[in-house]
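The values are calculated or read from the model by the stated rules, or taken from the named source; none is laboratory data. Quick caveat, the model's predicted, so the values are computed rather than measured. Because the Cβ atoms are built from the backbone with ideal geometry, glycine has one as well, and the counts that use them run over all protein chains shown. Just the protein is used for accessible areas: all its heavy atoms, side chains included, with ligands, DNA and RNA removed. Shrake-Rupley method; radii C 1.70, N 1.55, O 1.52, S 1.80 Å.
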Amino acid sequence: MLDATLAPVVSSALAVPTPLSAPASSLPRDERCALRGVTKSFGDTPILKGIDFDVREGEFAVLVGPSGCGKSTTLRAIAGLEEIDSGTVRIGGRDVTALPPQDRDIAMVFQSYALYPHLSVRDNLAFGLRMRKTPEREVAMRVDEVSCMLGLDPYLDRKPKALSGGQRQRVAMGRALARRAQAYLYDEPLSNLDASLRSSVRVEIRKLHDRTGATSIYVTHDQVEAMTLADRLWVFNGGVVEQSGAPSDVYDKPRSLFVARFVGSPAMNLLKGRARREAGSVAIAAEGLLVRTTAPLRDGQDVMVGLRPHDLQVASDLSSALGTLHVDVVERLGSEALVHGWASTSGATITMRVDGDAMRRAAVSDSIAVTIDPARLHLFDAASGLRIDAR
Amino acid sequence: MKALESFAAHAVAIVATMFALYPLLWVLGLAISPAGMASEPALWPLPDSPSLANAKAVVSGNPHFWTQLANSLIVSGATATVAIFLALPAAYALARFRFFGAQPGLRAMLWTQMFPGVASAVPLYVILDKLGLLDSRSGLVLVYATTAIPFALLQLKGAFEGIPIELEEAAWVDGASRVRTFLTIVIPAARPAIAVTFLFAFMSAWNEFILAATLLSRESAFTLPVVLQRVVGEHAAHWGVFAAGALIVSVPVVALFYVAQRSLVSGLTAGSVKG
Amino acid sequence: MTPPHCPIATRGFGFRVLGFFLAILLLVTAPARADEVTIWHAYRDAEAQALDTVVHAFELRTGHHVTMLAVPFDAYSAKLAAAIPNGNGPDLFIEAHERLGTYVRDGLLDAVPAALDEGFDASARRALLQGTTLYGLPLAAKSLALFVDRSVVKGPIDSLDDLPRPGTSSTYTLVYENESSYAFAPFVHGAGSDFLAADESFGFVGPAAAQALRDVALLVREGRVPAEASGALVSQLFREHKAAAMISGPWALGDLPHDSDVEVMPLPPLHRGGRPLRPFVTVEALFFSAHRGAKASTVALARAIAFDEGAVVRARDGHQVVPRSSLSARPELAQLASLQAFQRAAKEAIGMPSSVRMRATWEPIGAALKATLRGDLTPENAVAMAERRFRDVTRPQAPPASTAPWFLALGLLSLTGAILTYRRARAEAWGLALKRSLPAYLWVTHAAVILLLLVGGPLIVGAATSLFAGTRSAPTFVGFANYVSILTARGGELLGLGSFWRTLLVTLLWTAVNVALHVTIGVALGLVLSRPLMRLKTVYRVLLVLPWAVPSYVSALAWKGMFHRQFGAINALLTYLGGEPVAWFARFSTAFAANVATNVWLGFPFFMVVTLGAITGLPQEVLEAASIDGATRWQRFRYVIAPLLLPALLPSVILGTVWTFNMFNVVFLVSGGEPDGATDILVSEAYRWAFTRDAQVGYGAAYAVLVFLLLVAGTRALDAFGKKAES
Ligand SMILES: Nc1ncnc2c1ncn2[C@@H]1O[C@H](COP(=O)(O)OP(=O)(O)OP(=O)(O)O)[C@@H](O)[C@H]1O
Ligand SMILES: [Mg+2]
């Protein structure tokens, strides 16, 4: 992975060996972009409450979290667009906390694109390079390279207002990519696009990153974007980092109720339950389902039981089942279906995914016996919201 | 129904246009009729036998005409330019920085514009005298700038507020300094508003004559409206010559208006609509 | 390899800007040149040319360089008053003697060098005396005389009754500026009254004054004299043989065709055997500015202009009646019959007093004249009104007030301010805020300094003037006396004509009506022109902004002409439609309407453009959604467009309000306050006090301060209203 980023990336159109990524550096691997204890408040409202954050060379870091949790603020603090109250920001091994944005050597893609309206696409792409006194020959070369890569060739001489949303988005992206920066920051760059464009551009971004290996920090709301793009996922909540790790780790082992709720689509079923110690195991009655686990729980401990819709299965016989799901709604998505129902009339709605035969049979007011692989069970302490791992 | 509506719209527009044009036709009639003011009441203001005698009198009856035209152009152009150059950075700061004294300062400046000029003309004269700028075009420019700068400030501040901040942030991230961003991104993006501001500053300087007549004491330093005003004397006035002169004086401003036509709508709005 | 495109203008942009700026400054600064002798005048046409000839000859003969400046009449006295005390005035200037008293009081004049006091007619010389000192060399005597069109009138003329009745051989018997007090003066004297009595008290009193008013009103009522005839029109009607005779001055000689059969004679009596109509004679003189030092070249030039040699040229080419006794015999002048007639007329005329009080009579008597001509007041009441007004203007100055309490208050105020500042400065947050502000100050300081110096300074000085009374040269501190006097309507009726409160009401009405019409018309046209499929949209738009582009003094004068009672287009239209012509400036309502029409015409394009811009900014979807929801056109406007437009228009409305409130040009040029100051608004009133009513600068400044306070309060209220409407 690291080597890939160091190797010159040859653009398909131009046989000019210009690396798009930052040149090789002798930095320690962990020091591409790092925040230490960063805090920030607007007036009396604390927004960032001590963010620690490391992005490695060539890594694609994705920040997710609910609206207003401080993702953009974090990104802007890295870029230097937001002054921080305390803590340090290091980029490429330098402490840049006191530096203005133009001296931090980063590139950024804005949610609203922020294309310079009076400049043509070509000049938009070249702007950052010219600001850094790049020789005009090289500017032209890199602009051509980027425009070719993003398919912007036909539009180079147009003004931004004559472009479609997707095209503008690509120009915004190109403007950042034309630069050689220590890090590339993206603030929800796809949120203004329609669904199909979004998914195709998403794939493009990933491909691009695989090709260039540029260190990237990417803010999004979108589950799919987060899971597919990230090398590492950072889940923000209320101004702190709730969990970070590879997307699969976060998905498989959410560290808290918050992360469990937030990551994964459709969202994890979370049922209130109370532990009852039995011989060798613990039984949890959770809103009409009965779950058995070997996790270290106290007798009478209140817990939340997490069941991912994708992990729930139709049980072959009732004895191995957690309980019965009374089907309320069936959403057929083609190859699979989402079944919504409840286990007990007082309980919460449970969602499960079915496919194949089960999908075909599923019908409203059926009862389905459901089961789950105990290893895929998530347990959280109801009081602290923290994950309880099975031994 | 559609046709009726469109008919009504045109009717309104045509009536309004007639209302707008009639007095101007009247001036035109005066300017091209050799006899001066009509001594018979007449609805149609244009004379049967137009003559250019009045216009000729304005241009050739005045040996300094071209100098004075140049004065007018220089003074008005300089006023607008100076006002805009001074106002640009200040308006930017008012739009983008929060700083101590910004609000009170802005308010005070607005208030100064509400003070009738009657009272401050003489102190202004004394100041110019002390600065040694009396009877010079620079002095006149400075005086006109006192109204042009506040106007330009407000107008441009509004325009800057209407420019999305992300545009500037993008430029900073791209490596442009604050000043550079201002010069290469903000100013070009505010071009329509700057054009309109220029137009207004130019126009108000172009049309002013009382201060000019008071402050200038050389024939070759006069601006055109002063000369025009001289046609209207104590005992008698050559209305025909006055009208012809008025039309000549109006031409540059009308031309500027025409050129700025596109910007007029967007530029004016940027200033007056709160971002 | 290099792609074919130009790099954007980033590199060196700053330098280019700077260079441009410097170039402009250089271009603008034209060095002033020191000339040997400067002379200012307000002459035009023949008189100006004659003066030119004289001065040119002088230059050729002596080698001195002379700079001549023709100043527009409107700005002449203000310019002299501003320039001379600062040593920037001319060496010599030509002015009528009527302001002599004011000029001497204000210290603008030097006495005439004794060597030059030689050979002038005694009467003309007398007019230029203050005490025993001679100020100014008489150049020309100007008085009114009767011009008779001999192609129409044949017989001898012993009285105005001998002129043909209207309609017999010409439309009118007589034409003259019948609304000006100057042309009214002969009738006043003819009726045995006077402007100023010998003891400097108001002379226009009693039955004689009323009789004079009755006389001139009758001339109009009988159709012998056209109403509302102004300068240019008078000579034009006469030239076109529409009037058998004209009362005018020597300046009209130049306007007459060379071959015309016109006889000039001194004004006869009104009726056979009556008292002659004796006009005022004003003496135009060459004055020596103070603060210039008497240079030999100045004296030489004065001699060249005023003495025989120059006088001949001025008389011959400039049609001037030169008061040089030695010249009457000169053959080249003897044959100029009209000039001789004026000479005779001047001899019989009454020398116009040059005192400050004399100047104060014009406005009251003019007001009485106009009120009578309109039929608003009986002659007796008009006379009474004139006297009241005269007292108003010449009321004794407020007693000087002690400055001590003021300095004390000022001291206390600055002390409190200093303490407060100090305490705030000690609070840490404040210091931090200041530190944070530093970068911003780099951007604003230059503009702030210039504004402070050029706007703040004069404004504070101007506002401070309001605490003084008297003239510029001799101000006395009177504290709030000016304000008290204004706010109590100088002891008269609170809502009487010319009182502050009444003017305020007029101003408010003026502002409200105008802004309402501006916004209504502007928005309506904006809506019409923003119809997406409208054809010729651009053409309309270009034509409709024209009123905005034409200088407002031009359009104001054009409108005034269109509202002329007899020759204006509006009355022509009314007549054409079968209506009666209206005397627009005779009644408050119509004069006000005329002003409003003019101002609406001037102002609607601005709101139209603002509306167009605001409509472009409206979300198109909202409008479409509303029309899909089944809203009618009106409902769409009322519930969707209007609420969305309002906030966008509000700043412009506030701006428009301020402009209209202070819209001096229109009121001053169109109605001129007619009738009788009723349509004056606060600014035009301030202007009158500061410049025309004996330059009571402090009084005018107090008006200006009151206007300022009203506007600040008003706009704050409007702003608050806007904020509330937004939330
Ligand atoms: N200039 C500001 N003044 C005051 N509060 C602000 C300011 N900018 C942001 N905030 C607040 O800070 C919090 C975090 O904002 P931020 O933009 O970082 O959220 P976010 O995580 O990016 O949300 P989203 O996903 O909606 O973009 C929000 O509650 C916001 O209201
Ligand atoms: Mg955000």
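Mind checking whether some residue in segment B:173-181 is aliphatic (A, V, I, L, M), in contact with a helix residue (DSSP H, G or I) (Cβ under 9 Å, 6 or more places away or on another chain), over 24 Å from residue B:204 (Cα atoms) and open to solvent by 10 Å² or more (accessible area, probe 1.4 Å)?
yes
So residue C:146 fits all but one of (1) open to solvent by 50 Å² or more (accessible area, probe 1.4 Å); (2) within 30 Å of residue C:567 (Cα to Cα); what number is the exception?
Among (1) open to solvent by 50 Å² or more (accessible area, probe 1.4 Å); (2) within 30 Å of residue C:567 (Cα to Cα), the lone unmet condition for residue C:146 is (1).
Exactly one condition in (1) closer than 24 Å to residue B:241 by Cβ; (2) open to solvent by less than 10 Å² (accessible area, probe 1.4 Å) is false for residue C:526; which is it?
(1)
Of everything in segment A:106-129 that's within 16 Å of ligand 2 (Cβ to nearest atom) and not β-branched (Val, Ile, Thr), which residue is surrounded by the most Cβ atoms within 10 Å (Cβ to Cβ)?
Looking at residues that are within 16 Å of ligand 2 (Cβ to nearest atom) and not β-branched (Val, Ile, Thr), I get A:108.
What is the one condition in (1) away from ligand 2 (no atom under 16 Å from the Cβ); (2) in contact with a strand residue (DSSP E or B) (Cβ under 6 Å, 6 or more places away or on another chain); (3) modelled with pLDDT under 85 that residue A:9 does not satisfy?
Here residue A:9 clears every test but (2).
Which residue is most open to solvent (accessible area, probe 1.4 Å), if the candidates are limited to segment C:38-74 and must be within 13 Å of chain B (Cβ to nearest Cβ), in contact with a Phe, Trp or Tyr (Cβ under 8 Å, 6 or more places away or on another chain) and part of a loop (DSSP other than H, G, I, E, B)?
Filtering first and then ranking leaves C:42.
Could you tell me whether residue A:114 is under 14 Å from residue A:171 (Cβ atoms), assigned by TED's automatic domain parsing to the domain that holds residue A:163 and not in a helix (DSSP H, G or I)?
Yes; evaluated as a whole, the condition is true for this residue.
Here is a list: C:516, C:512, C:474, C:464. Which entry is surrounded by fewer than 17 Cβ atoms within 10 Å (Cβ to Cβ), outside the structural domain of residue C:641 (by TED's automatic domain parsing) and not in a loop (DSSP other than H, G, I, E, B)?
Every option except C:464 fails the conditions.
Here's a check for you: in segment B:100-112, which residue that is more than 7 Å from chain C (Cβ to nearest Cβ) and of a type outside the set (Gly, Ala, Ser) is surrounded by the fewest Cβ atoms within 10 Å (Cβ to Cβ)?
Among them, the one singled out is B:104.
Within segment C:288-307, can one find any residue that is in a loop (DSSP other than H, G, I, E, B), at negative phi and in contact with a Lys or Arg (Cβ under 9 Å, 6 or more places away or on another chain)?
Scanning segment C:288-307, I find at least one residue that is in a loop (DSSP other than H, G, I, E, B), at negative phi and in contact with a Lys or Arg (Cβ under 9 Å, 6 or more places away or on another chain), so the answer is yes.
Tell me yes or no: at least one residue of segment A:321-330 is out of contact with any Lys or Arg (no Cβ under 7 Å at 6 or more places or on another chain), farther than 14 Å from residue A:288 by Cα and exposed (fewer than 13 other Cβ atoms within 10 Å of the Cβ).
Checked against the condition, which is being out of contact with any Lys or Arg (no Cβ under 7 Å at 6 or more places or on another chain), farther than 14 Å from residue A:288 by Cα and exposed (fewer than 13 other Cβ atoms within 10 Å of the Cβ), segment A:321-330 yields at least one hit.
Taking the criterion of being over 30 Å from the mean Cα position of the chain (by Cα), touching a residue at least 60 places away in the same chain (Cβ under 8 Å) and assigned to a helix (DSSP H, G or I), would at least one residue in segment C:211-232 satisfy it?
Yes, there is a match, as at least one residue in segment C:211-232 is over 30 Å from the mean Cα position of the chain (by Cα), touching a residue at least 60 places away in the same chain (Cβ under 8 Å) and assigned to a helix (DSSP H, G or I).
Just one of C:507, C:421, C:445, C:511 is touching a residue at least 40 places away in the same chain (Cβ under 8 Å) and either farther than 29 Å from residue C:385 by Cβ or more than 12 Å from chain B (Cβ to nearest Cβ) (or both); which is it?
From the options C:507, C:421, C:445, C:511, the qualifying one is C:511.
Return only the number of the condition from (1) open to solvent by 10 Å² or more (accessible area, probe 1.4 Å); (2) farther than 17 Å from residue B:175 by Cβ; (3) away from ligand 2 (no atom under 16 Å from the Cβ) that residue A:103 does not satisfy.
(2)
Just a yes or no: is a residue in segment A:281-303 in contact (Cβ under 8 Å) with a residue 60 or more places away in the chain and touching a Phe, Trp or Tyr at 6+ places or on another chain (Cβ under 7 Å)?
Within segment A:281-303, one or more residues are in contact (Cβ under 8 Å) with a residue 60 or more places away in the chain and touching a Phe, Trp or Tyr at 6+ places or on another chain (Cβ under 7 Å).
If I ask for residues that are within 10 Å of ligand 2 (Cβ to nearest atom) and within 14 Å of chain B (Cβ to nearest Cβ), which ones from segment A:48-80 would you list?
Correct list: A:72, A:73, A:75, A:76.
Here's the yes/no breakdown for (1) more than 16 Å from ligand 1 (Cβ to nearest atom); (2) touching a residue at least 12 places away in the same chain (Cβ under 8 Å); (3) more than 11 Å from every other protein chain (Cβ to nearest Cβ):
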{"residue": "A:141", "(1), (2), (3)": "yes, yes, no"}
{"residue": "A:165", "(1), (2), (3)": "yes, yes, yes"}
{"residue": "A:178", "(1), (2), (3)": "yes, yes, no"}
{"residue": "A:190", "(1), (2), (3)": "no, yes, yes"}
{"residue": "A:195", "(1), (2), (3)": "yes, no, yes"}
{"residue": "A:209", "(1), (2), (3)": "yes, yes, yes"}
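Find all pairs meeting these conditions: Cβ atoms under 8 angstrom apart; at least six residues apart or on different chains; first residue within segment A:68-88 and assigned by TED's automatic domain parsing to the domain that holds residue A:33 and assigned to a loop (DSSP other than H, G, I, E, B); second residue open to solvent by less than 40 Å² (accessible area, probe 1.4 Å) and within 9 Å of ligand 2 (Cβ to nearest atom).
A:82/A:73
Could you list, in sequence order, all residues of segment B:204-221 that are touching a residue at least 60 places away in the same chain (Cβ under 8 Å), open to solvent by less than 40 Å² (accessible area, probe 1.4 Å) and assigned to a helix (DSSP H, G or I)?
B:205, B:206, B:212, B:214, B:215, B:219, B:221
Could you list all residues from segment A:117-134 that are within 7 Å of chain B (Cβ to nearest Cβ) and part of a loop (DSSP other than H, G, I, E, B)?
A:117, A:118, A:132
Does segment A:43-67 hold any residues that are assigned to a loop (DSSP other than H, G, I, E, B) and either within 15 Å of ligand 1 (Cβ to nearest atom) or outside the structural domain of residue A:209 (by TED's automatic domain parsing) (or both), and which are they?
Listed by number, the residues that qualify are A:43, A:44, A:65, A:66, A:67.
Taking segment C:595-637 only, how many residues are of a type in the set (A, V, I, L, M, F, W, C) and modelled with pLDDT under 85?
Residues meeting the conditions: 14.
Please determine, by comparing only the residues of segment B:185-200 that are within 14 Å of residue A:114 (Cβ to Cβ) and open to solvent by less than 20 Å² (accessible area, probe 1.4 Å), which one is farthest from the other protein chains (Cβ to nearest Cβ).
Only one residue tops the list, namely B:186.
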